[in-house]
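Take a look at the structure below.
The values are calculated or read from the model by the stated rules, or taken from the named source; none is laboratory data. If you're wondering where the values come from, they're calculated on a predicted model, not measured in any experiment. With ideal geometry, Cβ positions are generated from the backbone for all residues, glycine too; neighbour counts draw on all protein chains shown.
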C-alpha cells in the first residue's frame, strides 16, 4: 500500500448523501493517524511516507501536492476506486482508523494532533502558525500511540 491508496480509501468512506464531507486537512490527519497507529500496533509502516509538523498539524508533502487543488472544499469520490485492490487486513485496519477518527471534523483533528507529543516534539517550541517542515519522528509516533495501547491493557 502507498499513502495515496490509504487516502483514497478514506475518501471512499464518505457518505455524501448524509452531508458528510472530507477536506484536504481532514484527509491529512486520517492518513497520519493510520501511519501512527500502524507503527504502534504492528511495529512497521503502513506505507513508505513521512509527515512534517506543519502549522495545521501533520502533513505529508506529496499528499498535499496531490490534493491541494481542493483547498478547503470537499474531495470527491476517487475515480477508478477499486475496493478489491485492498487486502482484508488493510480494509479492517483502515476501517478501525475511520471508525475512531472519521466522525470528527478537520479542525477537531488538527486540535487533537496539536495536543500530542509527536507533533509538539517536531515543532520544537515554534510559535503557533510558524512554518515548519521538520519530519515527525516515527519512533516518537510509535512510542506515543503504543502508550495508549499499554494503558488499555
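Of note, residue 63 does not satisfy the criterion of being in a helix (DSSP H, G or I), under 11 Å from residue 28 (Cβ atoms) and either touching a strand residue (DSSP E or B) at 6+ places or on another chain (Cβ under 8 Å) or modelled with pLDDT under 95 (or both). Residue pairs whose Cβ atoms lie under 9 Å apart, sitting 6 or more positions apart in sequence or on different chains, and linking a residue in segment 85-103 that is more than 18 Å from residue 26 (Cβ to Cβ) to a partner that is loosely packed, with under 13 Cβ neighbours inside 10 Å and modelled with pLDDT under 95, are 91/83.
Checked across segment 117-137, the condition of being surrounded by 15 or more Cβ atoms within 10 Å (Cβ to Cβ), part of a strand (DSSP E or B) and modelled with pLDDT of 95 or more holds for no residue. Flag not set for residue 74, criterion: touching a helix residue (DSSP H, G or I) at 6+ places or on another chain (Cβ under 7 Å) and not in a helix (DSSP H, G or I).
Considering segment 104-116, the residues that are without any contact (Cβ under 8 Å) to a residue 40 or more places away in the chain and more than 16 Å from residue 23 (Cα to Cα) include one that is surrounded by the most Cβ atoms within 10 Å (Cβ to Cβ), namely 116. Reported count of residues in segment 13-33, each being in contact (Cβ under 8 Å) with a residue 12 or more places away in the chain and not in a helix (DSSP H, G or I), is 5. In this structure, residue 8 does not qualify as modelled with pLDDT under 95 and out of contact with any strand residue (DSSP E or B) (no Cβ under 7 Å at 6 or more places or on another chain). Determine whether segment 85-94 contains at least one residue that is in contact with a helix residue (DSSP H, G or I) (Cβ under 7 Å, 6 or more places away or on another chain) and surrounded by fewer than 18 Cβ atoms within 10 Å (Cβ to Cβ). Scanning segment 85-94 turns up no residue that is in contact with a helix residue (DSSP H, G or I) (Cβ under 7 Å, 6 or more places away or on another chain) and surrounded by fewer than 18 Cβ atoms within 10 Å (Cβ to Cβ).
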